[in-house]
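Remarks on the structure that follows.
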Amino acid sequence: MNVAKRITNTFKNGNKVVVVLSAQGDVTDELLAKAAEINPEASKRELDMLLSTGEQQSVALMAIAIHKLGYPAISLNAVQVGIHATRKYGNARIKSIETERIVAELERNNIVLVAGFQGLNRYGDITTLGRGASDTTAVALAAVLGANSCEIYTDVDGVYSADPRMVKNAKKIDVISFDEMLHLASLGACVLHNRAVEMAQRYRVKLVLRSSLSDVEGTLIREELEVEKVYVSGLAVDKDIARVSIIGFLDRPGKAYQIFSLLAREKVAIDLILQSISHNATKDITFTVPKDDLKRTLSLLETNRDMIGFETISYDEKIAKLSAVGAGMVSNYGIASAMFEALYDCDVNILMITTSEIKISVLIAEDDAYKAVNAVHDKFTQMSHFGTPNKL
């Protein structure tokens, strides 16, 4: 009802309003659990059919709530709107969106409520867009409709320098660049879906993250900021990863290509990669994958053991990735040393390191994630590395 009042207040101010809703609370997890009780190997097509009902419940219930307040509203699913997606079940991508039905409903003075997280594939089947992808549905609709802005409402009042559930003194960020937000979202910050940020940047959608529970000003996500000093925007922790090591493959050209082209064909997402120097004419290579892809990755590698020619495989699911993101990090060497010093001070061992112009990521033991993110956050706060260089 609180959200219904916010929607109708926006409508009363003379706006045409399109609202995308995700499933309520833990509905998606509950549906997955029910399916697993019946069949742990349930087909992805049927899981998509099942999971899409969570968002359909949300839009229908919201329409009922808005009607109770005396305002016109209509709920629509992906089929009724015409949200066309790729054929892959479980993690499809939006290909195109028809606007005729939405525009017609807006012209009838309706508040339009659209089920997020779902699309229609080439076979005429409902397919889902990946966890958290209602954000992506909203940005895609904002882009095709030419909306003045896209506001994402969640249970926090903006983007923070770290997950406030893990770091008590995390600071809210007023303005952040698309690139920084995309890195944070991709590296484990769950506040926004990474594909939503990518799409907002591509189609120049004004994106604001706000709280659904208060009127506090949120975080504006926009094009690159003018950076006058080096700063860190935020820290992200990702525990949903696993480390895979391929030990003792021949030190010959093309071996890395064999391994990663095999995984790419099966749509396995690879993140950190580390290759050892040659020893006894062999090398080792270590990389990370999402935990959901670990079983498939190990099976693919074992099936192709003779082709790749390795001695053994090891893996570790009890790891976490801690990342620091900031547009000005490339020109300052003190960020990395401060991060490593903080980890040393709290006795956290670094398993892998990777860097880019905008981020530093380290792989650590999962049990160390909480103390590591707090130690690094405290260090950066103490050294005044956090902060937004300018505001609108």
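None of the figures in this text is laboratory data; all of them are computed from the coordinates on show. Computed from a predicted model, the values in this text were never measured in an experiment. In this analysis, Cβ positions are derived from the backbone assuming ideal geometry, glycine residues included, and neighbour counts consider all displayed protein chains.
Quick check: residue separation of Asp240 and Glu223 times 0.36 nm, minus the Cα distance between them. What number comes out in nm? The partial results should precede the final answer.
Numbers: separation 17, 0.36 × 17 = 6.12 nm, distance 2.89 nm.
Net length gain for the segment: 3.2 nm.
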- Message: With a cap of 12 neighbouring Cβ atoms within 10 Å, and only residues DSSP puts in a loop, list the trypsin sites (Lys or Arg not before Pro) found in segment 258-287.
- Response: Lys267
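Tally the DSSP beta bridges in the chain and give the antiparallel ones as a percent, rounded to 5. If you can, show how the numbers build up before the last one.
On the way: 44 of 62 bridges.
Antiparallel: roughly 70 percent of the beta bridges in the chain.
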- Query: Can you give the net charge of the other residues whose Cβ lies under 11 Å from the Cβ of Ala147, counting K and R as +1 and D and E as -1?
  - Reply: +1
- Task: Can you check how the C-alpha radius of gyration of segment 29-162 compares to 2.2 N^0.38 Å, as a plain ratio?
- Result: 1.12
- Amide H within-cut-off set for Ala73, under 5 Å, with H built and near neighbours excluded: Ile111
- Which aspartates and glutamates does Lys5 reach when only Cα atoms under 14 Å apart count, and residues fewer than 8 places away in its own chain are ignored? Asp215
- Task: Taking H placed 1.01 Å from N in the peptide plane, check which residues at least 5 places from Arg93 or on another chain put their amide H under 5 Å from its amide H.
- Result: Thr86, Lys88
- Report Rg(Cα)/(2.2 N^0.38 Å) for segment 2-227, keeping two decimals. 1.01
- Query: What is the helix-to-structure angle for 2-12, meaning the angle in degrees between its Cα long axis and the longest Cα principal axis of the chain, kept from 0 to 90 and rounded to the nearest 10?
  - Reply: 60 degrees
- Task: Report Rg/Rh for segment 195-289, rounded to two decimals, where Rg is the Cα radius of gyration and Rh the Kirkwood radius.
- Result: 1.16
- Query: Which pairs in the list Lys295/Lys379; Lys88/Lys318; Lys295/Lys318 are over 26 Å apart, alpha-carbon to alpha-carbon?
  - Reply: Lys295/Lys379; Lys88/Lys318
- Here are some pairs, Lys267/Lys321; Lys239/Lys283; Lys44/Lys291; Lys239/Lys359; which of them have Cα atoms lying more than 23 Å apart in this structure? Lys239/Lys283
- What's the extension gain from Gln24 to Thr86 if we count 0.36 nm per residue and subtract their Cα-Cα distance? 19.8 nm
- Query: Which of the GluC sites (Glu not before Pro) found in segment 1-48 are loop residues per DSSP with 11 or fewer other Cβ atoms within 10 Å of their Cβ?
  - Reply: Glu41
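Tell me the trypsin sites (Lys or Arg not before Pro) within segment 166-258 that lie in a loop according to DSSP and have at most 14 other beta-carbon atoms within 10 Å. Mind dumping the intermediate values first?
Details: sites: Lys168, Lys171, Lys172, Arg195, Arg202, Arg204, Lys206, Arg210, Arg222, Lys229, Lys239, Arg243, Lys255; in loops: Lys168, Lys171, Arg204, Lys206, Lys229, Lys239.
For trypsin sites (Lys or Arg not before Pro) across segment 166-258 that sit outside H, G, I, E and B with at most 14 neighbouring Cβ atoms in 10 Å, the list reads Lys168, Arg204, Lys206, Lys229, Lys239.
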- Task: Please work out how much length the chain gains when fully extended from Ser96 to Gln275, using 0.36 nm per residue of separation minus the C-alpha to C-alpha distance, in nm with one decimal.
- Result: 60.5 nm
- Item | For segment 1-67, radius of gyration divided by Kirkwood radius, i.e. Rg to Rh on alpha-carbons | 1.15
- The lysines whose Cα lies under 20 Å from the Cα of Lys206, excluding any fewer than 8 residues away in the same chain, are Lys16, Lys172, Lys391
- Note on the structure: Counting sequence-distant residues (5 or more places) and residues on other chains, those with an amide H built under 5 Å from that of Phe117 are Ser134, Thr137
- So what's the gap between the Cα centers of segment 48-115 and segment 259-322, to the nearest angstrom? 40 Å
- Message: Using the Karplus curve 6.51 cos²θ - 1.76 cosθ + 1.60 with θ = phi - 60°, what ³J(HN,Hα) values do you get for each residue of segment 36-43, in whole Hz, with x for Gly and Pro?
- Response: 5, 4, 7, 7, x, 10, 4, 5
- Note on the structure: segment 145-181 scanned against label point 7 Å out from Met383 along Cα→C-beta; backbone N under 11 Å for none
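Based on alpha-carbon atoms only, what is the radius of gyration of the chain relative to the globular estimate 2.2 N^0.38 Å?
Normalised Rg, Cα atoms only: 1.07.
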- Count charges around Ala35 for me, please; just the other residues with Cβ under 13 Å from its Cβ, Lys/Arg as +1, Asp/Glu as -1. -3
